């Protein structure tokens, strides 16, 4: 009589574990990516507020705001006196920052001595928020499909 017990998992037990892990992953991954996007948007909002403060300081010293563009971390002009990205360093930037003249509502723009609009453009696509924008007059908006996620 042989009393040895076989140790291990049956195929059914293994498949049940795989199914449970798959179900948990399908729930957790979207929540994780949503949380990461929210964190990046918060970082962009903070960077925009800091940039706007720096723009106000620049205005008090030179009587005009400073306009600059930023495409993929390459600013034009290169000698921008402000931080041009949101994040810890430029290699891990989550948003690129830029500044331009405010729109006047009639298709034109206001003078840079009167108003500046700072813009945070996402490095990775964010269809819900798109570009976050803030003006020196206090207007905040975004270009995304779900504007409720932009400024909260």
Looking at the range 84-95, is at least one residue more than 19 Å from the chain's Cα centre (by Cα), more than 24 Å from residue 151 (Cβ to Cβ) and surrounded by 11 or more Cβ atoms within 10 Å (Cβ to Cβ)?
no
Looking only at the range 116-136, count how many residues are more than 14 Å from residue 99 (Cα to Cα), in contact (Cβ under 8 Å) with a residue 12 or more places away in the chain and assigned to a loop (DSSP other than H, G, I, E, B).
7
Residue 14 meets each of (1) within 26 Å of residue 118 (Cβ to Cβ); (2) surrounded by 11 or more Cβ atoms within 10 Å (Cβ to Cβ); (3) modelled with pLDDT of 90 or more with one exception, condition (1)
Considering each of 113, 99 in turn, give the residue that is touching a helix residue (DSSP H, G or I) at 6+ places or on another chain (Cβ under 9 Å), buried (at least 18 other Cβ atoms within 10 Å of the Cβ) and in contact (Cβ under 8 Å) with a residue 24 or more places away in the chain.
99
Considering only residues that are over 19 Å from residue 90 (Cα atoms) and surrounded by 12 or more Cβ atoms within 10 Å (Cβ to Cβ), which ones fall in the range 35-51?
38
Within the range 53-74, take every residue that is in contact with a strand residue (DSSP E or B) (Cβ under 8 Å, 6 or more places away or on another chain) and in a strand (DSSP E or B) and give me the one that is nearest to residue 112 (Cα to Cα).
68
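The values are calculated or read from the model by the stated rules, or taken from the named source; none is laboratory data. All figures in this text were calculated on a predicted structure; none of them were measured in a lab. In this analysis, Cβ positions are derived from the backbone assuming ideal geometry, glycine residues included, and neighbour counts consider all displayed protein chains.
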